[in-house]
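K.L.:
Before we start, here is the structure in question, set down as structure tokens.
The values are calculated or read from the model by the stated rules, or taken from the named source; none is laboratory data. Remember, predicted model here, so these are calculated numbers, not experimental data. Positions of Cβ are generated from backbone atoms using ideal geometry, with glycine treated the same way; all protein chains shown enter the neighbour counts. In case anyone asks, the SASA skips ligands and DNA or RNA and just uses the protein heavy atoms, side chains included. Shrake-Rupley method; radii C 1.70, N 1.55, O 1.52, S 1.80 Å.
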Amino acid sequence: MSEKNDNIVILGVESSCDDTSAAIIRDGYLLSNVISSQAVHSAYGGVVPELASRAHQQNIIPTIHQAIKVAGIDKHDISAIAYTRGPGLIGSLLVGTSFAKGFSLALNVPLIEVNHLQGHVLAHFIKEKGVEPHVPEFPFLCLLVSGGNSQIILVKSPYDMEIIGQTIDDAAGEAFDKCAKVIGGPYPGGPYVDKLAKEGNAKAFDFAKPHIPGYDYSFSGLKTSFLYQVRDFVKEDPDFIEKNRADLCASFQRAVVETLMNKLWHAAKDLKINRVAVAGGVSANSGVRGAFQDYSNKYGWEIFLPKFSYTTDNAAMIATAGMFKYMKGEFDGIDSVPYSRV
């Protein structure tokens, strides 16, 4: 990084859903990344927006205080504050936005608004001291898969990203949650399904996969197929789920991963791009990671898999995205408001 960018300290603030996170980046390198998760939602089978926003109000100041402390800096060292403006839960976003605005006024430093989804993509550019960076060159394709999003993004630069395919209904993460719920598993369902899938036969069952034109996705039909098959089998054998839990998870995970990878492969082939990344919460899934490795071996893809700690919502990716905007001089006004959808 050039001399003019030396000693730039970015505070990142992330509060789009149910994780409150704060991170500090100095001269492009991550110094701290603190995440406060909310366990209260597991009892309800999903995130309760009102409870999430209240928890953010409780967590945001201690989380930011801890991030500054771990980074070993003073709050007056901060050059700018990058915050998640959207998309996400509006109540949660309001907490982070309001704090970022107030802190920027108190410190007299600029604000930088960050799109949450672009933050996930730019998680591949988080740099840690002592760790050799493996970052994609532009342009590259990124499969963004999480509880709320399933997208194929053509990344031309840190400032220029084009969504070329996305789900027309449910996201891949929602599909995993539904699968877990049907067989009596916990929320969130992704890690639960992934764990059991490792013990099961991925070809034990076949579920209907959607046929959507272009690069768009659909997972509602797959969820329905899974639900109906399980229901019919349970009518014949009340203990069916207990006997076949691992095979059900493995087969369902295979269907989701094959759906994701088929569209991504077509996009890479059509656009003649062999640099392919994955981001978002579902990028921690072992089936997705295994498929990326298989496609790399088979088609010569140069693949980029994020560290597990950067797959879920975190402020390190927001601070990193903020660093790019800081270098370009893209600052936000105090009158900006959060948005729930793109």
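K.L.:
Highest mean first, how do 284-297, 77-90 rank when packing is the count of other Cβ atoms within 10 Å averaged over residues?
P.N.:
77-90, 284-297
K.L.:
With 27 Å as the limit, write out which pairs from Lys243/Lys307; Lys69/Lys307; Lys203/Lys298; Lys209/Lys298; Lys127/Lys269; Lys178/Lys269 have Cα-Cα distances beyond it, or answer none.
P.N.:
Lys243/Lys307; Lys127/Lys269; Lys178/Lys269
K.L.:
How big, on average over all directions, is the shadow cast by the Cα convex hull of the chain, in nm²?
P.N.:
17.5
K.L.:
Assuming 0.36 nm per residue, please report the length gained on full extension of the stretch Arg341 to Glu199 beyond their Cα-Cα distance.
P.N.:
47.4 nm
K.L.:
Quick check: convex hull over the Cα atoms of region 111-200, volume per residue in Å³, rounded to an integer?
P.N.:
Dividing the Cα hull volume of region 111-200 by its residues yields 166 Å³.
K.L.:
Quote the relative contact order of the chain in percent (integer), defining contacts as alpha-carbon pairs under 8 Å separated by 6+ residues.
P.N.:
24
K.L.:
Less than 14 Å from a label point 7 Å out along the Cα-to-Cβ axis of Glu330: which backbone N atoms in region 152-196 qualify, by residue?
P.N.:
Residues passing the 14 Å test: 155-163.
K.L.:
Among Ala277, Ala208, Ala67, which one shows the biggest mean-square fluctuation in a GNM of the chain, springs joining Cα atoms closer than 10 Å?
P.N.:
So, out of Ala277, Ala208, Ala67, the one fluctuating most is Ala208.
K.L.:
Asp169 to Ser98: extension gain in nm, 0.36 nm per residue of separation minus the Cα-Cα distance?
P.N.:
22.4 nm
K.L.:
Please find the FRET efficiency linking Tyr159 to Leu51, where r is the Cβ-Cβ separation and R0 is fixed at 35 Å, and quote it to the nearest 0.05.
P.N.:
0.50
K.L.:
Hey, another quick one. Taking 7 Å along the Cα-to-C-beta vector as the label spot, tell me the Asp27-His134 distance in nanometres, rounded to one decimal.
P.N.:
2.6
K.L.:
Let me ask another. Per residue, how large is the accessible surface of the chain? Use a 1.4 angstrom probe and give square angstrom.
P.N.:
Result: 45 Å² per residue.
K.L.:
I've got another one for you. Inverting the mean 1/r over all pairs of different Cα atoms, compute the Kirkwood radius of region 150-229 and quote it in Å.
P.N.:
Across region 150-229, the inverse of the average 1/r is 14.2 Å.
K.L.:
Counting only protein heavy atoms, what percent of the accessible surface of the chain is carbon or sulfur at a 1.4 Å probe?
P.N.:
Looking at the chain in its full context, I get 51 percent from C and S.
K.L.:
Follow-up question, since we're still on this one. Quote the accessible area belonging to Tyr29 in square angstrom, nearest 10, computed with a 1.4 Å probe and with ligands, DNA and RNA left uncounted.
P.N.:
Around 80 Å² of this residue is reachable by solvent.
K.L.:
Under a crude label model (7 Å from the Cα following the beta-carbon direction), how far is Lys75 from Asp239 in nanometres?
P.N.:
The modelled label-to-label distance comes out at 6.1 nm.
K.L.:
Exactly which GluC sites (Glu not before Pro) in region 121-167 are in a DSSP loop and have at most 14 other Cβ atoms within 10 Å?
P.N.:
Sites meeting the loop and neighbour criteria: Glu128, Glu137.
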